Amino acid sequence: MQWVRKPVASGANDAPLTESTWVTPGEELCEEAGFLRGHGTFVKDGMLVAAVAGVVERVNDSLRMQWVRKPVASGANDAPLTESTWVTPGEELCEEAGFLRGHGTFVKDGMLVAAVAGVVERVNKLVSVRPYKTRYAGEVGDVVVCRIMDVGAKRWKVDVNARQKGILLLSSINLPGGEQRRRTAEDQLNMRQFYVEHDVLSAEVQTFFADGAMSLHTRSLKYGKLCCGTLVTVAPSLVRRAKQHFHAFEFGVAVIFGMNGYVWVGPATEPAAADPKAMDVDGATESAPVDVPLHVRERVCRVRNALVLLDSLYLPVAATTVQSLYELSVEANVSAWEMLLPENSLSLAEKLRTSGQLGAARRVHGDE
């Protein structure tokens, strides 16, 4: 999402508050006196202020916000068709001549038109629109966080936030102690000793079946069952692809950024020495319940609220943006539970924008 919007006049009751007025979060609309506060607005210092980015709607003396996007320049081949261009359904992107139609677009009167709301992507002459609200499609090699939904014959069905349930085969996990052998009928009977319903685990996309379902595997020491943490759901399109999706912050919190929009947040633990007798199903040291100190729980909650804030404001979800929001909230002396209040969230988002971390996150995404 681009944070640069066309400013409007403010500070007077006769400001042009019509459906053609575009505003950004934190922008003053008018004085509170003489107007009623509607959806998407709040009061600050006697002024009605926008809480979301969108279009101002005025019904008599009531003001509210409409969740739509500002149109971009169209009708020319030199339109700014980049990853920072947001479009809405029906917006003209460019002339059809000289470009190829990609996903999320269609042709009308010789123009390429957006069929969905999202971000314009251009690869050479191929123009497509990646929708913001969409299910996870998946690619081979993606790191995902998923939840066991059903235990079947030689396989587990898992929720990966996709159109279909993912499949974790019995042959795609490590046996206790890291033993390498063929799976037997006894292993099938003991499948519930490995994973049961509602277990949360990290895995990797291995391949796709003919019907489009994902096949996952956990044949690595870094994958397996997760405990002592919380699961946060964000939009999959906001998660930035990185070289390492397992990140341990310096303040003692570990985060797994799943490409499917499921992010796991928990306390960082020191790796223990490998003992074959204490290995769990995935070959890793078995995680016993531990008493997490209160200050560590507060840090986990702060990171969790940083992720929710990034998702609500359509900002990139990456290690750099999460760490920046964490540090900014600490510097501003904002407690974890106060981070999601409208006045605090907008202030933190503006500081994050001015810090330059959003551009760094986009560059990392583009390089990879």
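Some notes on this structure:
- The range 126-227: translational diffusion in µm²/s, Stokes-Einstein, Kirkwood Rh over Cα pairs, 20 °C, 1.002 mPa s: 149 µm²/s
- Rounded to 5, percent antiparallel among DSSP beta bridges of the range 78-231: 85 percent
- Among the GluC sites (Glu not before Pro) found in the range 175-204, those both in a DSSP coil and sparsely packed, with 12 or fewer other Cβ atoms within 10 Å of their Cβ, are 179, 197.
- Here the accessible area is traced with a 1.4 Å probe on the protein chains. For the range 103-192, carbon and sulfur cover 49 percent of it.
- Whole-Å distance, taken between Cα centres, linking the range 162-217 and the range 235-264: 22 Å
- Of the chymotrypsin sites (Phe, Trp or Tyr not before Pro) in the range 165-242, the ones in a loop by DSSP (not H, G, I, E or B) with at most 12 other beta carbons within 10 Å are 209.
- Couplings 3J(HN,Hα) of the range 170-185, computed from phi: 4, 6, 9, 10, 8, 7, x, x, x, 5, 10, 6, 6, 6, 10, 5 Hz, in residue order, whole Hz [Karplus 6.51 cos²θ - 1.76 cosθ + 1.60, θ = phi - 60°; x for Gly and Pro].
- The residues neighbouring residue 110, those whose beta-carbon lies less than 11 Å from its own, together hold a net charge of -3 under the Lys/Arg +1, Asp/Glu -1 convention.
- Count Lys and Arg as plus one, Asp and Glu as minus one, and take only other residues whose Cβ is under 9 Å from that of residue 205; the net charge is then -3.
- With DNA, RNA and ligands ignored, accessible area of residue 256 (1.4 Å probe; Å², nearest 10): 20 Å²
- Around the Cα centre of the range 203-247, unit charges on the Cβ atoms of Lys, Arg, Asp and Glu (plus for the first two, minus for the last two) sum to a dipole of about 260 debye.
- Pairs from the list 133/165; 165/225; 157/225; 243/351 with a Cα-Cα gap above 23 Å: 243/351.
- Residue-count net charge about residue 99 - beta-carbon cut-off 11 Å; Lys, Arg +1, Asp, Glu -1: +1
- Carbon plus sulfur fraction of accessible area for the range 289-332, probe 1.4 Å, in percent: 55 percent
- Proximity of backbone amide H atoms, modeled 1.01 Å from N, is registered between residue 29 and 48, 49, 50 at under 5 Å, excluding neighbours fewer than 5 places apart on the same chain.
The values are calculated or read from the model by the stated rules, or taken from the named source; none is laboratory data. This structure is a prediction, so every number in the text was calculated from the model and none was measured. Quick reminder, even Gly has a Cβ in these numbers, built from the backbone with ideal geometry, and neighbours come from all protein chains shown. The protein model used for the area step is the full one, side chains on, heavy atoms only, and it has no ligands, DNA or RNA in it. Shrake-Rupley method; radii C 1.70, N 1.55, O 1.52, S 1.80 Å.
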